[in-house]
Structure formats: C-alpha cells, structure tokens
1. Looking only at GluC sites (Glu not before Pro) in DSSP loops with at most 16 other Cβ atoms within 10 Å, what is the longest site-free stretch of the chain?
2. At 1.567 mPa s and 4 °C, plugging the Kirkwood radius over alpha-carbon pairs of the range 108-204 into Stokes-Einstein gives what diffusion coefficient in µm²/s?
3. At 1.002 mPa s and 20 °C, plugging the Kirkwood radius over alpha-carbon pairs of the chain into Stokes-Einstein gives what diffusion coefficient in µm²/s?
4. Accessible area per residue of the chain at 1.4 Å probe, in Å²?
5. Using Cα pairs under 8 angstrom and six or more residues apart, how large is the relative contact order of the chain, in percent?
6. What is the projected area of the convex hull of the Cα atoms of the range 118-165, averaged over all directions, in nm²?
7. Counting residues in the range 31-116 as N, plug N into 2.2 N^0.38 Å and put the Cα Rg over that result.
8. Measure out, as a whole number of angstrom, how far apart the alpha-carbon centroids of the range 150-168 and the range 85-141 sit.
Amino acid sequence: MLVPAAALVFASCAAEPDSAEVRLAALTASSAVDALDDIQAVDDPDAAGVRDRFRDATREALEAASRAHATAPAATADAYARSLEAAEAAQRFGDAMALALKVLAEYEAAQVTEAEALTAQRTVARIEAAREFYWTKAEERDEAATGDWRRASAAARDAASGILEAYRNAPPSVRILYEDDKGGSPEHAVAETDERVREAAGLRDLLLEDLAPKIEAAEAAVDEATAAYRDARDAWRALAAGEAGQPP
C-alpha cells in the first residue's frame, strides 16, 4: 500500500492545477481588491453592507485559493502563499478598522456630550442675564420719582417675567441646578455648567488625539492588504495564463 500512496502523492505534486479553480482564485482575489478599494472610497466604512462585503470577499478569496491549491500543491505554492499573506493582511486591517471605528464612536459621543454641556451653559447664561436685567430694573424702580414709579415697577415686573420664562424654557438638567433641595444656586449653576463644558471638551480632545493614530494605522493596514491581494491576484492570473511554469 505504501508504493501506490507514494505514487499518488507524487502525482498530486506534479499535477497541473485545475484551470477552473485557478481562474476562480484569480477572480475572487480581484474581488477582494475591489472590496478594499470600495471601503476606502466610502465616507462611512461602518455603513450597512460595507464591512460585510469586505469580509465576504476576503473569505471567498481564501476559500477559492485553498481549493485551487489542493488540485496541485507544488504548482500553486507561490500563489497560495500570497493568498495566505493577503488573508493575514486583511485580518490586520479588519482589526485596525474595528479599533478606529470604536474610538470614532467614542469621539462622536463625546462631541454630543460637549454640545449638550454647551447648551446648558448658554441656558444658564440666559437665565443669569435675565436675572441681572431684573435687578437693574428693580433698582430703577426703587430710585424712581413718584411720577415714574408705576412705569419703573411695570418694567421690573416684565424683567421678573423674563427670568421665569428663561427658567421654564431651560431643560430639566439645567432647572435642577437651581432647585434649593439640590443645594442649587445661581453660582452653583454657573460653576457646574462651566465644569461640564471643560470636562466634555477635555474628553473630546483626548479622544481626538487617540483617534488620529488609529485612523492612520487603519489606512496603512488597508494599503498593505490591497497590495497583498493584488499580488495574489496577479499570481493566480499568471498560473491561469500558463506563465508561471512548473517546478522541476
């Protein structure tokens, strides 16, 4: 049984690769190149279907390369090795892209938090401006002569209504800062919203610093993967065209 088995192994090594499987390996490697090109062309690489197409294309390329390699291991060794290298490069890119997208999502969430903090800060500023306006009018009322007292009092009442309107239009997160049972006060509201803005802006800046190298790493990884799949595609095409030759 050993001699026939050895002869079978020798025949497999010396066999010509299956032309259909080789062509399919070339086509799927080319599709992987297209998928990588497409993922670089879109504004949002996390959009529905984009990453799925990349994963499917690279998986199909490796499966096709494995089938073609199985028909003639020796003759297809170089092309198959290039396909393996491409698959590994694709895995590195996938990991780098996932990490970049994760940090990007955190950065975008921090931007939203900062925007909310800025809105709260501006709302408190409007309330405090209305309060300052009221006290100005209250002083004018107290200093008004008898003939002007009614007009000054009406202006003070209007100013007081302005405080109430600004407070009612404020979101709950701002109104709660003024509630006595929460230890609130105008000074507390101003200080609290200022601190929220500083913290949110600081977190956004930190995430932005972390995001830039993650994006650069993903861009370098996609370039590497694209080049690797082009090499694999060209190697399989050369086999399909009969240009690769056979090992001795």
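1. On the way: sites that count: Glu179, Glu243.
Longest stretch, sites excluded: 1-178.
2. Details: Rh = 14.7 Å.
Translational diffusion coefficient: 88 µm²/s.
3. Details: Rh = 23.9 Å.
It comes out at roughly 90 µm²/s.
4. Numbers: 14640 Å² over 248 residues.
So the chain comes to 59 Å² accessible per residue, rounded to a whole number.
5. On the way: 256 pairs, mean separation 81.6, N = 248.
This gives 33 percent for the chain.
6. Working: hull surface 11.5 nm².
That works out to 2.9 nm², a quarter of the Cα hull's surface.
7. Numbers: Rg = 17.3 Å, N = 86, 2.2 N^0.38 = 12.0 Å.
Ratio of Rg to 2.2 N^0.38 Å for the range 31-116: 1.44.
8. What the calculation gives is 33 Å, centre to centre.
The values are calculated or read from the model by the stated rules, or taken from the named source; none is laboratory data. This is a predicted model, so every value here is computed, not measured. Heads up, the Cβs are rebuilt from the backbone with ideal geometry, glycines too, and the neighbour counts pull from every protein chain shown. Each accessible area value is taken on the protein alone, full model and side chains, heavy atoms only, with ligands, DNA and RNA left out. Shrake-Rupley method; radii C 1.70, N 1.55, O 1.52, S 1.80 Å.
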